[in-house]
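What follows is one structure encoded as structure tokens, with my remarks underneath.
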Amino acid sequence: MSTQAPTFTQPLQSVVALEGSAATFEAQISGSPVPEVSWFRDGQVLSTTTLPGIQILFSDGRAVLRIPAVTAAHSGRFSVRATNGAGQATSTAELLVTVETAPPNFLQRLQSLTVRQGSQVRLDVRVTGIPTPAVKFYREGAEIQSSADFRILQDGDLYTLLIAEAFPEDSGTYSVTATNNSGRATSTAELLVQAVPAKKLKTVSTSQITASQSRVQRVR
């Protein structure tokens, strides 16, 4: 069995949370064998004993730390460390607890696209808000779940829907919603995937086939 040191396919992202609301850190980790995961706050190991009320989960490479109701005392640097026999990796992000609020605001909205079948498609938005908005992508009103074909990525305030290989049936209306305690914002755009014309096959008449068969018989 091959081994692979832990890597973060989706690192932690910093969170701005309203005092009294929930704050969630999430990371996606790969590695073989399956890594062991530890959480830290300002360098100190975290557990339900050191920080009562927190929820720590690790399943299918997804590591989650959730604080149900944050206070100013929770602010700080949070880290998750993944370790296996092949090595270790760490991801770190900040938690800022604030009493201020701001509704979600799109700094960059979705843009309509026309692409050819088989192309990779990237739909980007930039959105801000206090507390950090929950961002979801939809196609024709149905929520898109992150998968190998439709990956949802986050890098700071940049959120991306990455379609690995687009087909005509992926055409339609795509939208993004950003929601927090202060409000909700939506951005919508159209995606058109143009089919690649099928190559025309050269037709061969029955008389050509008969003539060809006759030539073969004469050679024999």
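A few comments on the model shown:
- Rounded to the nearest 500, the helix-only mean residue ellipticity at 222 nm of the chain stands at -2000 deg cm²/dmol, with each DSSP H run of n ≥ 4 adding -39,500 (n - 2.57).
- Peptide packing: for 126-132, 162-168, the average count of neighbouring Cβ atoms within 10 Å per residue gives the ranking 126-132, 162-168, highest mean first.
- Environment charge at F58 (Cβ cut-off 15 Å; Lys +1, Arg +1, Asp -1, Glu -1): 0
- Inter-site label distance for T101 and E140 at 7 Å from Cα along Cβ, in nm: 3.6 nm
- In the chain, the longest principal axis of the Cα atoms and the axis of helix 206-219 are about 70 degrees apart.
- Across region 104-122, the residues whose backbone nitrogen lies under 20 Å from the label position 7 Å along the beta-carbon direction of A198 are 116-119.
- For S119, net neighbour charge (Lys/Arg +1, Asp/Glu -1) across residues whose Cβ lies under 11 Å away: 0
- The simple spin-label model puts a point 7 Å past each Cα toward its Cβ; for S119 and T179 those points are separated by 3.2 nm.
Each reported figure results from applying straightforward, stated rules to the coordinates on display, with no laboratory input. Here the structure is a predicted model, which is why all the values come from computation and not from measurement. As a convention, Cβ positions derive from the backbone with ideal geometry for all residues, glycine included, and neighbour counts pool all protein chains shown.
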